[in-house]
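A short write-up of the structure that comes next.
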Amino acid sequence: MPIPQPEKKVLVIDDDPFLLKLVEKILSNSGYEVLSAQDVSSGIVAASKEMPHLIILDMFIKEKTGLDFLKIRKKQPALAHIPVFVLSASNDKKMVYSAITLGACDYLLKPVQAQLLIRKVKRILKEQSSLEWKPKAEKKEFVHATLKGKLTTLSNVSFRAELPVKLSPLVPISIKSSLFKECQIDQLFFKPIEAREFICEKGQFINEFTIVGIDKKASERIEKKIEKWESK
């Protein structure tokens, strides 16, 4: 006889009693144990005592904001590992950015949509989504992503760029840059080097790349460009 798995605990922090009851009903109907708190202080106490698997947090709660909760959580090692999912009526870009920067793993707008909420929760808790499609190995699709970044250093063997993500050494990339086009290296292959720690702006990562397949002429063009910069 299989041993029943324990329910996963979800702590909901919101000062709206109606929303608390609604979210509790949605989650409990899906098999989650739901805890609740109506302000930041009681939310910290509940999280520390109960150690939930997930925290659902409103941004605008009495006394302190959801951002205050995220700041406190970040400083407490016992809570920092618990994923926080923001559920808020605000779609202000600065608010969303601040929440993600402070460690929130996702951000969903109110009003609450039961099906979407459950899908998000399952994804965060690494449970299988009923609508997730996994192609067979021979039919996997490639996804192309465009990232805007700043070139910070360049040599004839490598370069560094400030990007909003930290790339894996296994990720092949292509670069579009007027400088690279001028040096005639824009068609080459660039391979990320194992990430190192560099100081940069919040929300940005310094990625280092090796220039693969560079020839003598391209190398000389880069060297001339560097000499020109240094002479200014």
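Data for the structure
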item	result
DSSP beta bridge pairing in segment 9-124, given as percent antiparallel to the nearest 5	5 percent
Rounded to whole Hz, the Karplus (6.51, -1.76, 1.60) HN-Hα couplings of segment 24-29, x for glycine and proline	4, 5, 4, 6, 5, 5
Residues whose placed amide H lies under 5 Å from that of I61, excluding near-sequence neighbours	G66
Estimated vicinal HN-Hα couplings, Hz - segment 47-57 in sequence order (Karplus 6.51, -1.76, 1.60; Gly, Pro = x)	5, 5, 7, 8, 6, x, 7, 8, 10, 9, 10
Overall form of segment 9-124 per C-alpha gyration tensor (a/c, 1.5; a/b vs b/c)	rounded
Cβ crowding within 10 Å averaged over residues, with 177-183, 79-85 ranked highest first	79-85, 177-183
For F205, distant residues with modelled amide H under 5 Å away	L163, V165
Segments 51-58, 26-33 sorted - mean Cβ within 10 Å per residue, highest first	51-58, 26-33
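Each value in this text was obtained by applying a stated rule to the coordinates, not by laboratory testing. Fair warning: this is a prediction, and the values are worked out from it, not measured in the lab. No Cβ is skipped: glycine too gets one built from the backbone with ideal geometry, and neighbour counts run over all protein chains shown.
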